[in-house]
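Undergrad: Encoded as structure tokens, here's the structure I'll be asking about.
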Amino acid sequence: MGGGAVKIYADVHRTKRSGEGYRITYTIDGKAFKHTDSFSEIPAGPGDKLFMDTLPPQHTDGAIELMRRGVEVYYLRRLTLLKKVRGEHKLPKSARGDIRALMSIEERWFRRVTEDFLVMRRMILAHRSLLKTHQQLLNKYRALSEAEREVLKPATSSIEKQMEEMAKKIDEEAGRRYPAYNVLLEGLGIDDSLAGREALAELLTYADFVDSSLRGLKRLMGL
């Protein structure tokens, strides 16, 4: 894209073909719209900015590829704002309507993402999914007879093992990606708690340190 840096706006929505698939509609001027299945296929380069409504974990690799090209990637902090703006401008509930709404939202309402954030978020979401499945199994376990519980025990144990393995990976990755992580572990006294380390990694990943409401948390952590 010649002629200097540009702003690109994209709407990410589920496809009708598959409940797990996502389609990306994007534009520069709000008039010509294009479609793609991957962020990596968007013709953006160094200095360009990509703004979107949401960034599903399935598109992590494509977004990272864009960032490695020098593209700044942003997603909307609050999806409720999109609905509000769409209503104010009487825009249709469609990909194009959502994009035109995005184009009228101030840049401060978007969060810029990093490769560290996206990689950590994908792992954390996997851990949360395992945690949810484990809780569902426990709920069923309590309602079963003793004989039926014996049948369910191997599945519960397997999920618990996967949760522990994922928590360890999150802990290791956080240690590599966040310089303050190991210092905080020692300062907070949770060095020996895997659950505590995983929780701290989540905090460092999701806390938006640009938000002024987190100044106290920043001071507490010495960041």
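Residue-by-condition table, conditions (1) more than 29 Å from Ile124 (Cα to Cα); (2) not in a helix (DSSP H, G or I):
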| site | (1), (2) |
| --- | --- |
| Thr25 | no, yes |
| Asp29 | yes, yes |
| Glu65 | no, no |
| Leu81 | no, no |
| Val85 | yes, no |
| Lys90 | yes, yes |
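Undergrad: Might you check whether a residue that is farther than 24 Å from Met166 by Cβ, under 21 Å from the mean Cα position of the chain (by Cα), among the aromatic types (Phe, Trp, Tyr) and surrounded by fewer than 16 Cβ atoms within 10 Å (Cβ to Cβ) occurs anywhere in the range 108-120?
TA: Yes: one or more hits.
Undergrad: Right, here's the next one. Among the listed residues Ala199, Ala167, Ala180, Ala174, which satisfies the condition of being hydrophobic (A, V, I, L, M, F, W, C), out of contact with any helix residue (DSSP H, G or I) (no Cβ under 9 Å at 6 or more places or on another chain) and either modelled with pLDDT of 85 or more or closer than 23 Å to Gln135 by Cβ (or both)?
TA: None of the other options fit; the residue is Ala199.
The values are calculated or read from the model by the stated rules, or taken from the named source; none is laboratory data. These figures come from a predicted structure and were not determined experimentally. So basically every Cβ, Gly included, is an ideal-geometry build from the backbone, and we count neighbours across all protein chains shown.
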